[in-house]
Amino acid sequence: MSQNIPEKQWAMVIEKTGGPVEYKEIPVAKPGPDEVLVNIKYSGVCHTDLHAVNGDWPIPTKLPLVGGHEGAGVVVARGELVKDVEIGDHAGIKWLNGSCLACSFCQASDEMLCPKALLSGYTVDGTFQQYAIGKAAHVARIPKDVPLDAVSPVLCAGITVYKGLKESGAVPGQTVAIVGAGGGLGSLACQYAKAMGLQVIGIDTGAEKEKMVKEELGATAFVDFATSKNVVKDVQAATADGTGPHAVLLVAVNEKPFQQAAEYVRPRGTVVAIGLPAGAFLKAPVFETVIGMKTIKGSYVGNRKDTGEALDFFRRGLIKAPFKTIGMSELQKVYDLMHEGKIAGRYVVDTSK
Ligand code: NAD
Ligand code: ZN
Ligand code: ZN
């Protein structure tokens with residue numbers, strides 16, 4: 001089953017680790033029996049895409065590589081085994097492109113831990129192209145009344161921070177510190193936290209991000225990590241009783257905050273590591289961690305249920321995070337700004353330009 005699919009399409013491709021990323025015409029792939037082909041309209045640009053270009057992580061990418069894993073579009077073809085996704089449905093291709101659905105992790109709905117997981121824009125081609133393939137079981141079901149540009153960042157950033165907030169164990173009324181609050185994941189984290197009834201302390205730098213985090217995203221306090229003389233004291237001082245936030249979501253791209261969070265989280269509190277700075281280590285003082293009964297954990301994207309829930313928060317109008325749209329051919333500009341830490345919120349690429 002298919003409709004008017006061209007043989008060739010435009011894509012952003014890297015031939016080797018380190019780049020450059022080139023705007024090229026490449027063939028449109030055909031979906032396998034359990035796959036769908038999605039005509040991607042918009043794709044958010046995640047810092048993970050830049051880590052992939054730079055080869056920051058211990059796992060190598062496929063090469064040549066089409067990056068991208070926040071792709072929202074319309075299903076245009078499906079394999080013969082696909083029964084529950086229709087041509088014309090709106091769908092999202094997210095980081096977890098597919099998993100085996102049979103291993104002990106998949107059985108426990110921890111499909112992101114599947115040893116056979118396929119990763120969009122990393123081990124399989126992603127969404128910086130006009131037609132992308134996803135395993136039907138894993139594509140996000142996007143309601144038709146939701147705009148495809150605004151929803152695209154939910155497909156990685158939204159799902160990931162929503163899952164991270166659940167993993168933190170924080171409950172309504174409590175306080176969460178979002179470290180990297182002005183970035184892509186951070187801006188969505190502020191909104192999900194607020195929608196989940198949490199109070200937010202944003203940590204990032206610069207007047208533009210401070211204004212966005214406090215005035216648009218609903219944080220009650222902001223700590224500028226670059227100008228603060230003592231981040232630990234300032235974060236604790238921003239909580240009602242001065243004992244620190246109940247949870248910390250680390251979505252920054254530098255190692256330093258991963259070595260501070262356990263110091264300022266409240267006793268009994270939880271630090272959730274989500275950002276993946278190259279070669280970084282977590283550090284925590286043993287004495288305060290033990291005496292304060294603190295928890296430090298990692299959180300990695302989300303499963304299919306988290307995906308549906310995160311999208312439903314968006315559909316209900318609870319998540320409004322700022323984004324800017326740019327032609328896909330200008331992806332390198334986005335990477336340059338991202339490298340400099342100059343993006344407040346998210347960039348979304350339009351695959352038609
Ligand atoms: P981004 O570049 O949009 O945002 C990062 C933010 O961190 C920026 O606003 C920057 O100013 C801020 N920052 C830098 N140093 C800081 C510090 N010392 N203290 C506080 N803030 C600081 O990046 P993004 O797209 O939001 O991604 C963030 C990280 O999350 C990346 O490493 C990415 O690979 C990772 N990630 C992880 C998962 C997961 O499942 N665990 C999923 C998606 C992304
Ligand atoms: Zn991502
Ligand atoms: Zn599996």
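The values are calculated or read from the model by the stated rules, or taken from the named source; none is laboratory data. From a predicted model like this one, the values you see are computed outputs, not experimental measurements. In this analysis, Cβ positions are derived from the backbone assuming ideal geometry, glycine residues included, and neighbour counts consider all displayed protein chains.
Annotations
- Total residues in segment 216-243 satisfying the condition of being touching a strand residue (DSSP E or B) at 6+ places or on another chain (Cβ under 7 Å) and within 19 Å of Arg268 (Cα to Cα): the figure is 3.
- Residue in segment 1-15 that is touching a Phe, Trp or Tyr at 6+ places or on another chain (Cβ under 9 Å), of a type in the set (A, V, I, L, M) and within 16 Å of ligand 1 (Cβ to nearest atom) present: no
- Selected residue [assigned to a loop (DSSP other than H, G, I, E, B) and buried (at least 17 other Cβ atoms within 10 Å of the Cβ)] from Val253, Val235: Val253
- Any hit, segment 88-100, residues being out of contact with any strand residue (DSSP E or B) (no Cβ under 8 Å at 6 or more places or on another chain), assigned by TED's automatic domain parsing to the domain that holds Met328 and within 16 Å of ligand 3 (Cβ to nearest atom): yes
- With respect to the stated conditions, Leu101 is away from ligand 2 (no atom under 16 Å from the Cβ), farther than 30 Å from Lys320 by Cβ and not small (Gly, Ala, Ser).
- Any hit, segment 99-106, residues being near ligand 1 (Cβ under 10 Å from one of its atoms), aliphatic (A, V, I, L, M) and part of a loop (DSSP other than H, G, I, E, B): no
- Per this entry, Val13 is counted among residues that are in contact with a Lys or Arg (Cβ under 6 Å, 6 or more places away or on another chain), farther than 24 Å from Gly275 by Cα and not acidic (Asp, Glu).
- Filtered residue count, segment 107-124, keeping only those that are in contact with a Ser or Thr (Cβ under 8 Å, 6 or more places away or on another chain) and within 16 Å of ligand 1 (Cβ to nearest atom): 9
- Within segment 77-98, the set of residues being within 16 Å of ligand 2 (Cβ to nearest atom) and either in a loop (DSSP other than H, G, I, E, B) or at pLDDT below 95 (or both) comprises Lys94, Trp95.
- Answer from Gly327, Gly345, Gly292, Gly308 - the residue that is within 16 Å of ligand 2 (Cβ to nearest atom) and modelled with pLDDT of 95 or more: Gly345
- Total residues in segment 276-314 satisfying the condition of being within 21 Å of Val151 (Cα to Cα) and either more than 16 Å from ligand 3 (Cβ to nearest atom) or in contact with a helix residue (DSSP H, G or I) (Cβ under 8 Å, 6 or more places away or on another chain) (or both): the figure is 14.
- Qualifying residue in segment 31-38 (condition: within 16 Å of ligand 1 (Cβ to nearest atom), under 28 Å from Cys100 (Cα atoms) and not in a loop (DSSP other than H, G, I, E, B)): no
- Residue list for segment 278-306, filter: within 14 Å of the chain's Cα centre (by Cα), more than 13 Å from Gly169 (Cα to Cα) and in a loop (DSSP other than H, G, I, E, B): Tyr300, Val301, Gly302, Asn303
- Yes/no for Ala137 being touching a strand residue (DSSP E or B) at 6+ places or on another chain (Cβ under 8 Å), more than 23 Å from Ile274 (Cβ to Cβ) and within 16 Å of ligand 3 (Cβ to nearest atom): yes
- Among the residues of segment 307-330, the ones that are in a helix (DSSP H, G or I) and within 14 Å of ligand 1 (Cβ to nearest atom) come to 2 in all.
- Within the option set Gly134, Gly121, Gly126, Gly158, being of a type in the set (Gly, Ala, Ser), at positive phi and modelled with pLDDT of 95 or more holds for one residue only, Gly121.
- Any hit, segment 181-196, residues being touching a residue at least 24 places away in the same chain (Cβ under 8 Å), assigned to a loop (DSSP other than H, G, I, E, B), out of contact with any His (no Cβ under 6 Å at 6 or more places or on another chain) and away from ligand 1 (no atom under 15 Å from the Cβ): yes
- Top-ranked residue in segment 51-76 [being part of a strand (DSSP E or B), among the aliphatic types (A, V, I, L, M) and within 16 Å of ligand 2 (Cβ to nearest atom); ranked as farthest from the chain's Cα centre (by Cα)]: Leu65
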